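Trainee: Got a structure for you, written out below as structure tokens; questions coming shortly.
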Amino acid sequence: MLRISASTVRDRWPLFAGALLTVALGVALVQSSVLVLVSTGEPAIPPGTSGRVAEQIREGYVGAATLLGMATPLAMFLAVFIVGSTFAFSVEQRRTELALLRMLGGSRPQLIRLLLGEAFLLGLAGSAFGILLGVPATWIQARLLIGIGLLPGDFSARWSNGMLLLSPAVGIGVAVFGVLSASYRAARVRPLDALRNAPRATRVMTLGRWLWGVSSLALTVMLVVAGHGADLLGALLVAMAIPVFGSVALSALSPLAVPLVGRLLGTVLRTSALGELAQANLRDAVRRSASTAAPVIVLVGLLVGLTGALNSLARATGADLERSTAADLVVASTGAAAARIPRIPGVALASPQSQVEMSVTARHRVEHRSYRQTHHSGIIAVDGAAYRRTHRLTLRSGSLDALHGRTVAIGPGLVGEGVRDGTVTARIGPHGFTLRTVARLPEVLENGSDNFLVPRDLIPTAMLADAPTETLVQVAPGTSPHAVADRIRAAGIGEVRTLRQWADARVQTQQRGTTGIMAVLMGMSGLYAAIAVINAVVIAAAERRTEFAVARATGLSRSQVVRMAVIESAAVTLIGLLLGTLVAAAALASFYAGPAGVHVLSVPWLLLGLLIMASLAVTAAASALTALTATRPSPTALVAARE
Amino acid sequence: MRAPAAAGPHAGVPAAPVQLYQVSRHYGAGETQVHALADVSVTFPAGSWTAVMGPSGSGKSTLLHCAAGLDRVTAGRVLLAGQDITHATDAELTRLRRRAVGFVFQNFNLIGSLTAEQNVALPLRLAGARPSRRDVQTALADVGLADRGRHRPRELSGGQQQRVAIARAMVTRPSVLFADEPTGALDTGSARTVLRLLRRMVDAAGQTVVMVTHDPVAAASADAVVFLSDGRIADRLLRPSAVQVAERLTRLEG
């Protein structure tokens, strides 16, 4: 069977080219992610680095690993999806050939083996390309993670020979997994189909397709319902799962939507003869239409859904930050300069928050487990009373007014980590001492918020003077914040921002990693979708040569045939865009009501617009080119040809 | 299912590789129902060549499909190579196709990516055997294409492709060879070669052949002709001439 598989792949490579490229790209991405991931396992911390910087480097590595861990499965999902839809379509195209094998004595298991054999070879070839492609991909990925500040500039990923095992396993796995359902469809081809000249009108909505589509849809609906009352984190998780299941559901069920939307478009299309023909073709070739629409659904659903969810999360974090901070201006400066702020005219209250170089060791208790951990970053020296007045927080316990001397408050960053009341040990330079916990702050939405608050009088003056400090400033009633900002700037104290600017910048810094990975993911999925769409259009055009020729013999000019094909593929793309937007809307539904009552939904309109334009352009160009190629020979030659 | 004594011999001892007893095949339901075959009983005797003829839509293709186990019958019984296939499973039918049945098609249906030799070896390989090159070359030599083994189908003429297809069908030494318009896509010269080849197989090796055709000349090469009309057997001819066949056919179509 493998020999027949091999000769089929060799002979019909255009049918497999798209799938091959998909596998190669998938392997390259997984390989580069894993190599970077393995290399981030042991953060290289230069000797002589302070505890705080070292911890920040470590956190960056963890952040990079998290992002890669998110992006890799999504890329795998896309690769399996594209390979699956390519093969499903190719089985349809090869119905006669498969039926012939059945006629010559091939059994059902043999046909399944044939397709799995093809997938194996495809996976092997794709892996070979993928391993080579993975070398530059690793470099690009490392550069990207350095560029967004998660990894230090001297980071480089090491090659591991394990990749020679892992990459082919991934490639073959993706290909075989993608082909499974197509191979079972192939096994259902009846020997009699070899004797029918025209491809028999087969039922598009098979039982398997129904089951697959309906169960995915049910899961999606359940997720939407679950996301309705969820908190922000829940909403985010739901928004990440919905694009996957929703796209699968609507792709499987798209043959139902095609005629429906076709009828809707019909009112527009029917005005011209070409449009009417295109609409009829659309209705007639439901399977072909579904193959073109599926990648567009996934592309739009995934990208718009995920981007919208992440943007909404950022917006919610920003809103939360603004809501909980009672200040007009935020000044970034050194500790020494910050000390001058209260003397500026118009400043009613200044609350300095300085990052200090010290370590705090606390006992964590999480679910019957207890461990000690030393923290170097997120330790902020504050004026307890001023902090309380510039932050609208309901403390979990204690009072910030007691934050004097050898005391500490547990910050929002660690409250969820099981640090309880009691004492912690701290160390500044060579001196160690014990701090008594006087307060515990509530959790906030923001990621990477402060771990510990310590009183300013605990810190040596010289150290405080050098510490990077943010000062929250309230201006006196009746004073213009703008004028006060000018005065602070004129005094040369530091950078002054309004509360909103500060909150936006802070959220953006935290989102930079996600944004970078989203960019990579968008590029990948855009490329995948383009491959899949072009693949579907090109494969379909081959079977339509005769159909086009008949249309021309009936009196259509060549350019009319091309226009008909373009109208048709544009309509199919619109269907895909519509269904994809539906998936994205479902993913974002839980943000609409706004967890905690805040309106945080942020729809990436620009991205949606770009996707619409790009999808329409790619499908129109692909169908125009293939229709031109297919109509090059004289129509009479093709109409007369039997096959 | 009762078989009338007149239609067949004792059950289990078939005298012929293909027997149909009161076979009906309906498509669709209700008002649009089509009776492609209605109560057809026919026996294709061993070592003989029978042509099935009839106007378009007379049911001749359905008859071939039902006899070969490619299509299910609505009522009646089908015996193929001594086995009742009326309710056979897909696996049983697959086994029959491997050892008892060969097919030749109008449009040859060779696999374009395989050479002539590989095409001929394919049924044996599908059946799990390791065909020797000599077997395959002998099969090709029998159809006069010993020197074309390494060629791909697209490098062969239509007549040569059909002969490769016949070699492929015969390589498993089937009990019966089903041919669906085997000369339909060939010029007169190639058609004559193919018909002579089939004749020799019947005369020399006692091969049973069932052939559906439109062509009175092709039908005249057969030992007997069965005429179908509206899904029923309308007429039979033994040792026909092309003129006789054409005349009967015209009468049926009129």
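Each value in this text was obtained by applying a stated rule to the coordinates, not by laboratory testing. Computed from a predicted structure; not experimentally measured. Because the Cβ atoms are built from the backbone with ideal geometry, glycine has one as well, and the counts that use them run over all protein chains shown.
Trainee: Rounded if a/c is under 1.5, else prolate if a/b is larger than b/c, else oblate: which is the range A:165-291, with a ≥ b ≥ c the root eigenvalues of its Cα gyration tensor?
Mentor: Since a/c reaches 1.5 but b/c is at least a/b, the shape of the range A:165-291 is classed as oblate.
Trainee: Would you calculate, for chain B, the mean residue ellipticity at 222 nm contributed by helices, counting each DSSP H stretch of 4 or more residues as -39,500 (n - 2.57) and dividing by all residues, to the nearest 500?
Mentor: -10500 deg cm²/dmol
Trainee: Oh, and also: Counting only other chains, and only Cβ atoms inside 10 Å, what mean value do you get across the residues of B:113-121?
Mentor: 2
Trainee: Right, next: Give me the dipole magnitude in Debye, nearest 20, for chain B about the Cα centre, with unit charges on the beta carbon: positive for Lys and Arg, negative for Asp and Glu.
Mentor: That gives chain B a dipole magnitude of about 840 debye.
Trainee: Still on this structure: Would you mind telling me which residue in B:L197, B:L186, B:L238 has the biggest mean-square fluctuation in a Gaussian network model of chain B, where springs connect alpha carbons within a distance under 10 angstrom?
Mentor: Ranking B:L197, B:L186, B:L238 by mean-square fluctuation puts B:L238 first.
Trainee: Under a Cβ-only charge scheme (Lys and Arg +1, Asp and Glu -1), can you give me the dipole magnitude of the range A:267-380 about the Cα centre, in debye to the nearest 20?
Mentor: Working: 12 positive and 7 negative charges, 61 e Å.
Once rounded to the nearest 20, the dipole reads 300 debye.
Trainee: Given 0.36 nm per residue, what is the gain on full extension from A:L582 to A:R396 after removing their alpha carbon distance, in nm?
Mentor: Working: separation 186, 0.36 × 186 = 66.96 nm, distance 4.13 nm.
That pair, A:L582 and A:R396, stretches by 62.8 nm at full extension.
Trainee: A further question on this structure: State the extension gain, in nm to one decimal, for the chain segment bounded by A:A519 and A:H404, taking 0.36 nm per residue of separation less the distance between their alpha-carbons.
Mentor: 36.7 nm
Trainee: Ignore the peptide's own chain and count Cβ atoms of other chains within 10 Å of each Cβ in B:100-106; give me the average, rounded.
Mentor: 3
Trainee: Another question, then. For the range A:341-492, what does the alpha-carbon gyration tensor say about shape, rounded, prolate or oblate, given a ≥ b ≥ c as the root eigenvalues, a/c under 1.5 as rounded, and a/b over b/c as prolate?
Mentor: It is prolate, given that a/c is not under 1.5 and a/b is the larger ratio.
Trainee: Decide, for chain A, between rounded, prolate and oblate: order the square roots of the alpha carbon gyration tensor eigenvalues as a ≥ b ≥ c, take rounded if a/c falls under 1.5, and otherwise choose prolate if a/b is larger than b/c, else oblate.
Mentor: Note, shape of chain A comes out prolate.
Trainee: Post the alpha-carbon centroid distance, the range A:415-444 to the range B:185-246, in whole angstrom.
Mentor: The range A:415-444 and the range B:185-246 have Cα centres separated by 100 Å.
Trainee: Further question: Suppose each label sits 7 Å from its Cα in the direction of the beta carbon; what would the A:R188-B:T74 distance come out to in nanometres?
Mentor: Modelled inter-label distance: 2.5 nm.
Trainee: Work from the charge dipole of chain A (Cβ charges, +1 for Lys and Arg, -1 for Asp and Glu, about the Cα centre) and give the residue of A:P47, A:S251, A:T72 farthest towards its positive end.
Mentor: Positive-end residue among those listed: A:S251.
Trainee: Under 5 Å between amide H atoms, partner at least 5 residues away or on a different chain: which partners does B:L228 have, H built in plane at 1.01 Å?
Mentor: B:M53, B:G54, B:A234
Trainee: What dipole magnitude, in Debye to the nearest 20, does the protein assembly as shown give about its Cα centre under +1 on Lys/Arg Cβ and -1 on Asp/Glu Cβ?
Mentor: Here the protein assembly as shown has a charge dipole of around 1600 debye.
Trainee: Still on this model: For chain A, what is the calculated [θ] at 222 nm in deg cm²/dmol (nearest 500), taking -39500 (n - 2.57) for each run of four or more DSSP H residues and dividing by its residue count?
Mentor: Computed ellipticity for chain A at 222 nm equals -22500 deg cm²/dmol.
Trainee: In the range A:439-522, which GluC sites (Glu not before Pro) are in a loop and have at most 16 other Cβ atoms within 10 Å, using DSSP for the loop call?
Mentor: Those satisfying the criteria are A:E443.
Trainee: What is the distance in Å between the Cα centres of the range B:81-131 and the range A:307-357?
Mentor: Cα centroid to Cα centroid, the span is 80 Å.
Trainee: Can you tell me which of B:172-178, B:29-35 comes out highest on packing, and rank the rest after it, using the mean Cβ neighbours within 10 Å?
Mentor: Going from most to least packed, we get B:172-178, B:29-35.
Trainee: Just checking the output field for A:103-116: average partner chain Cβ neighbours within 10 Å of each residue's Cβ?
Mentor: Taking the mean over all residues of the peptide, I get 5.
Trainee: If you don't mind, another one. What is the distance in Å between the Cα centres of the range A:97-127 and the range A:158-178?
Mentor: Between the Cα centres of the range A:97-127 and the range A:158-178 lies a distance of 22 Å.
Trainee: If you take the charge dipole of the range A:341-492 about its Cα centre, with +1 on Lys and Arg Cβ and -1 on Asp and Glu Cβ, which of A:T390, A:L458, A:V475 is farthest toward its positive end?
Mentor: Checking the options against the dipole of the range A:341-492, the answer is A:L458.
Trainee: Can you give me the angle between helix A:481-490 and the longest principal axis of chain A, using Cα atoms only, in degrees from 0 to 90, rounded to the nearest 10?
Mentor: Around 70 degrees separate the two axes.
Trainee: Rounded to whole Hz and in sequence order, give me ³J(HN,Hα) for the range A:402-407 from the Karplus expression 6.51 cos²θ - 1.76 cosθ + 1.60, θ = phi - 60°, writing x for Gly and Pro.
Mentor: So the J values, rounded to whole Hz, are 7, 7, 9, x, 7, 9.
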